[in-house]
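A.B. asks: Take a look at this one; I'll ask things after.
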Amino acid sequence: MRKRAFRAVGLTTLLVLAGAPLPGCGIQETGVVGAGRPPVGDLLPPRDSRVLLFFFSPDGELLPVPRIVDVPWQGGPGSSPSEGEEASEALSPLTAVTALLDGPNKAERRAGLRNAPSLPRGASAVDRVLTGDSTVEVRLGLRVRRLSTPARDQLVCTAAFAAQTQGALPVTLVGRDGRLAPADCSLRPVPAPAR
């Protein structure tokens, strides 16, 4: 009986102390205090050692995925520059499209990233990529009209961002069955706030 009474008194005391505010701690209530702008930094690896590939997330959303590439890239048969192409830069649009067609690497697959089902797997599907001042042309050894819209979006965005940092160049896909109309990448980078 004595134990029960002691427990009841202890429990009551604990409840009273827990429910009561602690006015004696000396901390005054304040409003929101501004601390300036949030820090901003470029989270991507440097452009001279990476390509930006566009894969689909598990939710089906097209996402830019940076991939570090060993220089020089040892891509498939389509990786050697041809006449009319941009200078034989190690990380050219051809390198990016070749890497895209090669598919997600092991880490990217573990993260749930994937290519569109109609996009062929294999770097040999790309013949060459021609870049100019205002356009990019991707020549593929397949029928481009059979590619689904998501597959086309992957190719267009990957080639556009490989040719220009902002991805603002129109891309024309050319295949064995003809040429598609020039298309723009639907994704645009979000400008970083001024520092």
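A.B. asks: Identify all residues within the range 91-103 that are open to solvent by 10 Å² or more (accessible area, probe 1.4 Å) and either without any contact (Cβ under 8 Å) to a residue 24 or more places away in the chain or in a loop (DSSP other than H, G, I, E, B) (or both); write none if there are none.
C.D. replies: 91, 92
A.B. asks: With respect to residue 158, determine if the residue is at pLDDT below 95, open to solvent by 30 Å² or more (accessible area, probe 1.4 Å) and not in a strand (DSSP E or B).
C.D. replies: No: the conditions fail for residue 158.
A.B. asks: For the range 164-174, which residues satisfy the criterion of being surrounded by fewer than 22 Cβ atoms within 10 Å (Cβ to Cβ) and touching a helix residue (DSSP H, G or I) at 6+ places or on another chain (Cβ under 6 Å)?
C.D. replies: Of everything in the range 164-174, nothing turns out to be surrounded by fewer than 22 Cβ atoms within 10 Å (Cβ to Cβ) and touching a helix residue (DSSP H, G or I) at 6+ places or on another chain (Cβ under 6 Å).
A.B. asks: Follow-up. Considering the range 53-67 alone, what residues qualify as being open to solvent by 30 Å² or more (accessible area, probe 1.4 Å), more than 13 Å from residue 150 (Cα to Cα) and within 9 Å of the chain's Cα centre (by Cα)?
C.D. replies: 64, 66
A.B. asks: State whether one or more residues within the range 175-184 are within 14 Å of the chain's Cα centre (by Cα) and either on the phi > 0 side of the Ramachandran plot or open to solvent by 10 Å² or more (accessible area, probe 1.4 Å) (or both).
C.D. replies: no
A.B. asks: Scan 188, 121, 152, 139 and give me the residue that is open to solvent by 40 Å² or more (accessible area, probe 1.4 Å) and in a helix (DSSP H, G or I).
C.D. replies: After ruling out the rest, the residue left standing is 152.
A.B. asks: For residues that are in contact with a Gly (Cβ under 8 Å, 6 or more places away or on another chain) and farther than 14 Å from residue 158 by Cβ, scanning just the range 124-136, find the one that is surrounded by the most Cβ atoms within 10 Å (Cβ to Cβ).
C.D. replies: Looking at residues that are in contact with a Gly (Cβ under 8 Å, 6 or more places away or on another chain) and farther than 14 Å from residue 158 by Cβ, I get 128.
The values are calculated or read from the model by the stated rules, or taken from the named source; none is laboratory data. These numbers come from a predicted model, not from an experiment. Cβ coordinates were reconstructed from backbone atoms using ideal geometry, including for glycine residues, and neighbour counts include every protein chain displayed. Surface accessibility is based on the protein's heavy atoms, side chains included, excluding ligands, DNA and RNA. Shrake-Rupley method; radii C 1.70, N 1.55, O 1.52, S 1.80 Å.
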